[in-house]
Amino acid sequence: HVSAIVFDKTGTLTEGKLQLGDVIPIGDRPPEDVLALAAAAEQRSEHLIARLIVAEAGKRGLALASVEGFTAFPGAGVIAELGSTSQATDQQLAISDQQSNRQICVGNRRLLEQQGIGISEEIDAAFARLDGSGQTQLAVAIDGKVIGLIGARDTIRAEAADVIHELRHLGIHESVLLTGDRRSVAQAVAQAVGVDHFEAELLPQEKAAWIN
């Protein structure tokens, strides 16, 4: 009696084996510093992108500062308070950062707006660059100032389009994709696998509400 099916994206229609995309510094920081600071904040997170960032920082041998405070915002990102900086290099935490509260925010555009973090033309262009190449985007900010953006890429499952096609033959004529990702990413996946309809930039509770 099933007539419609709704899919999540990451790890369902895609492989969920994320790869690090572009790291775009804002200002004069090197990309390694942006990655290291993001990894420091993401150490306690279980999100797939968080694990990717921490793993990539480890592969590059980047020292991470310890974290004393951590708050996760499902579907948006994390905010962490840095503790001891003894393991972090002077390049990762500039003198001005060490004198501040060292609050690191790693998240999407929605989280930046919720936290009142300004998005300049340069930052907006970086978002657009990652968006245009189909990458999931996370901004990295220290005490309300964005220092860079990080992109992540996923791969569509090879069998996904065939599954959607076969479901139609079984009488399930409506297929939907729900994702917290950006519209451009959702649209690319939906078109590639033949899903009828998609909804993007949804929080977990918004996905549940959509189902209801």
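The values are calculated or read from the model by the stated rules, or taken from the named source; none is laboratory data. For clarity, every value in this text was computed on a predicted model and none was experimentally measured. Positions of Cβ are generated from backbone atoms using ideal geometry, with glycine treated the same way; all protein chains shown enter the neighbour counts. Note: areas computed on protein heavy atoms with side chains; ligands, DNA, RNA excluded. Shrake-Rupley method; radii C 1.70, N 1.55, O 1.52, S 1.80 Å.
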* Structure fact -> Neighbours of LYS59 by Cβ distance under 14 Å: Lys/Arg at +1, Asp/Glu at -1, summed charge 0
* Unit charges at the beta carbon, dipole of the chain: most positive-side option, GLY58, GLY21, ALA38 -> GLY58
* Given a 1.4 Å probe and every protein chain left where it sits, what share in percent of the accessible area of the chain is carbon and sulfur? -> 48 percent
* Counting Lys and Arg as +1 and Asp and Glu as -1, each charge on the Cβ, what is the dipole of the chain about the Cα centre in debye, to the nearest 20? -> 220 debye
* Structure fact -> Candidate cut points under trypsin sites (Lys or Arg not before Pro) in the stretch 1-63, DSSP loop plus at most 14 other Cβ atoms within 10 Å of their own Cβ, are LYS17, ARG44, ARG60
* To do: Note the listed values [x] 0.97; [y] 1.10; [z] 1.19, then indicate which one is Cα Rg over 2.2 N^0.38 Å calculated from this particular structure.
  => [y]
* Asked: For the chain, which longest stretch is free of loop sites, where a loop site is one of the GluC sites (Glu not before Pro) that DSSP puts outside H, G, I, E and B and that has at most 12 other Cβ atoms within 10 Å?
  -> 47-158
* **Listed residues ALA50, ALA192, ALA160, most fluctuating in the chain (Gaussian network, C-alpha, under 10 Å)** => ALA192
* Inter-part distance where the stretch 106-158 and the stretch 19-40 are each reduced to a Cα centre, Å -> 11 Å
